[in-house]
1. Could you tell me whether any residue of region A:20-35 is at the interface with chain B (Cβ under 8 Å from one of its Cβ atoms) and closer than 29 Å to A:His138 by Cβ?
2. Assess whether B:Trp49 counts as being in the same structural domain as B:Ser217 (by TED's automatic domain parsing), surrounded by 16 or more Cβ atoms within 10 Å (Cβ to Cβ), more than 30 Å from B:Ile181 (Cα to Cα) and out of contact with any strand residue (DSSP E or B) (no Cβ under 9 Å at 6 or more places or on another chain).
3. So, in region B:240-269, exactly how many residues are facing another protein chain (nearest Cβ under 7 Å) and in a helix (DSSP H, G or I)?
4. Kindly establish whether A:Glu49 is away from every other protein chain (no Cβ under 14 Å) and surrounded by fewer than 17 Cβ atoms within 10 Å (Cβ to Cβ).
5. Among the residues of region B:316-324, is there at least one that is surrounded by fewer than 17 Cβ atoms within 10 Å (Cβ to Cβ), charged (D, E, K, R) and not in a strand (DSSP E or B)?
6. When you look at B:Leu416, is it in contact (Cβ under 8 Å) with a residue 12 or more places away in the chain, within 33 Å of the chain's Cα centre (by Cα) and outside any helix (DSSP H, G or I), yes or no?
7. So for region B:95-107 (the condition being part of a helix (DSSP H, G or I), in the same structural domain as B:Gly132 (by TED's automatic domain parsing), closer than 27 Å to B:Leu176 by Cα and at pLDDT 95 or above), does at least one residue qualify?
8. For region B:372-387, check the following and say yes or no: at least one residue is assigned to a loop (DSSP other than H, G, I, E, B) and more than 14 Å from B:Leu419 (Cβ to Cβ).
Amino acid sequence: MKDLGRYVLQAVFYVPLMAILAVFSRWPAFDVIQPGEALVRLSIAHAAERRHPCRERTAEELAKLPPNMRAAQDCPRERAPVKIEFEVDGKLVYAAEVPPAGVQKDGLATLYHRLVVPAGEHRVVVRMRDRADGPFNHVKDEKLALAPGDALVVDFNASRGGLEFRR
Amino acid sequence: MTGGRQRAYAAWCALEARLDGAFGAANPLRHLGALAFWLFWIVAVTGIWLYVFLDTSVAGAWRSVEAISAQPLWFGRLVRGLHRYGSDAMLAATLAHLAREWLAGHAAGFRWFSWASGVPLLVLLYASGIGGFWLVWDEQALYSVVATAEWLDWTNLMPEPFARNFTSRAQLVDRLFTLFIFRHIGIPLALLAGMCVHVQRVVRPATHPPRVLAIGSLAALSVLSVVVPVQSAPPADLGRVAQSLALDWFWMSPHPLMYATSPAALWALALAALAILLAMPLVMRARKLPPAVVSPADCNGCGRCFVDCPYSAVELVPHAMKAAAPRMARVDPALCAGCGICAGACPSSTPFRSLVQFASGIDVPGRAVVAMRAELEAALERTAGAVGSAPGALVVYGCESGVDVAPLAGDGVVTLKLLCVGMLPPSFVEFAVRRGAAGVLVAGCPGGACDFRLGMQWTEERLAGAREPHLRANVPRDRVRVSHAATPGALKAELEGFRAELVDTYQRGGVVPRV
């Protein structure tokens, strides 16, 4: 009888513990974005042009190199940083100059930025420069209609024409 | 800081004591580490079942989890619920275990290894658990994996941001799910290996909770799984972002915290927490007890101290004095807790030795067996003088880590403190009774709360004759009592009950002790 009483007390003890598990495994609900908002993510991984252009080696220079290394051009490995500006409805919301990865600075320049915007129609402009100097050489300017909960991605794909908006 | 911690620990112990009525020796608050082990196995076994039916593809994962939940006779929801709620409970039990050990001052001293090896387990546990949510591939999974990726990407250690994998449907491939599965199996295996390392330095590690606790927790989780089934959110859609999510806060709390602050802030918080935990053995002041000392001339190499030491601090080596025995004990001071349980196990630790000054085969400096004898003799004489010439005092041996027995002294009661009741050789009980004590009450820590792990268990077994050195049969068992009382009130009540029983017994026998 005493054992039975103990078991009942144990069951009573488990009730609040299980209630805690049940409640906090699903409550309170978390608002990832507010109603009527959409998410825009700028996600680019791009190998920019070389910072310094290749140059032709002279005949003397080539002669000094081992026969198997006599490449006609000397191309410095370092790449230019990727410069980007991101504008929504005429307002600059993000700007960055991203250096290339790697010790030799010859890797991809990567950037990732998330931005919550109100749903609706927006004029989105992305400008990107992937060379050492000069004006922006990639520009994407579009009017986009974003529904609440839409997740738009801005990416760069050279084989598909450069900057692109994807959902 | 120390005062606050001690007050908090006292409050924790008071809470533990409240549960004693329902659970007794299976008090869950005193078996949190073992409970975490048990929950790990629940989660592991149910995870294997879920894996059998899981479709590890982008298109099929969500559907397969829904199909598992719909398995007949609520079996699917039971298994899925045990897996999810079990992991929630394991995280909670682990954090509670960490808090209790810190409050108890177990982060430093000879326990440093157990503490330090436990800290990385928190990382492995979290990494194991959070990856499980991604396999469901619902909106919650997408939110969690993107948040985790954005957090990891802040380090800039990967050639491309991990989060880019989740920016378009085209970039998400089934192979990524294979990676998820691989890490969700591999990291728990690493966690299990780490758990084995965590308990490596202790003898008989508490990796199994008492049966009643194991069955009770499993039953409670089973009922919860069936009554409140785990449900998936709508399937993940990379072109959409969920507006509101029913997050599992046990695991996902860091995500909203990161978005409320920044990935850098979350990294700083996580690394600072880990650094503080890892530094705890260095900065925390722990009670430093002198390690046990072996007297080769008195050690016959019986090996009882070797068997009984809870921390593997005693080893047996060739005897320094070959004539005495082929082997003798040797103490590793780095592992020794100084608890004296080895002295309680030594057959030479007996107060019946005729020498005025003697050494035990293994002894604790400052708490030598010969000093314990002198203390007991003096206490018995003092009490005899105080209450008359007839014997009959009640001797109460108390543990320094348990309920303080000092307030019970007086009125025919003598109290003596031990580092751990495990250092009490049973022959002292016989000695006290032979010297006229009406009875001996040994007040140790409540079940599962022994500060030196096995002291109370060994003492009970020795007094019951189930372990060497045992209490000899000529000592009437009704004159010996063991108490697990967790509060002063409970101990006093047990003492009064014992006293009343003794008076009753001896009244019926015609002899009334002065108790």
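The values are calculated or read from the model by the stated rules, or taken from the named source; none is laboratory data. Keep in mind it's a predicted model, so treat the numbers as computed, not measured. Virtual Cβ from ideal backbone geometry, glycine too; neighbours counted across all protein chains shown.
1. Yes, there is a match, as at least one residue in region A:20-35 is at the interface with chain B (Cβ under 8 Å from one of its Cβ atoms) and closer than 29 Å to A:His138 by Cβ.
2. Considered against the rule, which asks whether it is in the same structural domain as B:Ser217 (by TED's automatic domain parsing), surrounded by 16 or more Cβ atoms within 10 Å (Cβ to Cβ), more than 30 Å from B:Ile181 (Cα to Cα) and out of contact with any strand residue (DSSP E or B) (no Cβ under 9 Å at 6 or more places or on another chain), B:Trp49 comes out as no.
3. 3
4. So A:Glu49 fits the description; yes.
5. Yes, some residue in region B:316-324 is surrounded by fewer than 17 Cβ atoms within 10 Å (Cβ to Cβ), charged (D, E, K, R) and not in a strand (DSSP E or B).
6. Answer is yes for this residue.
7. No, region B:95-107 has no match at all.
8. no
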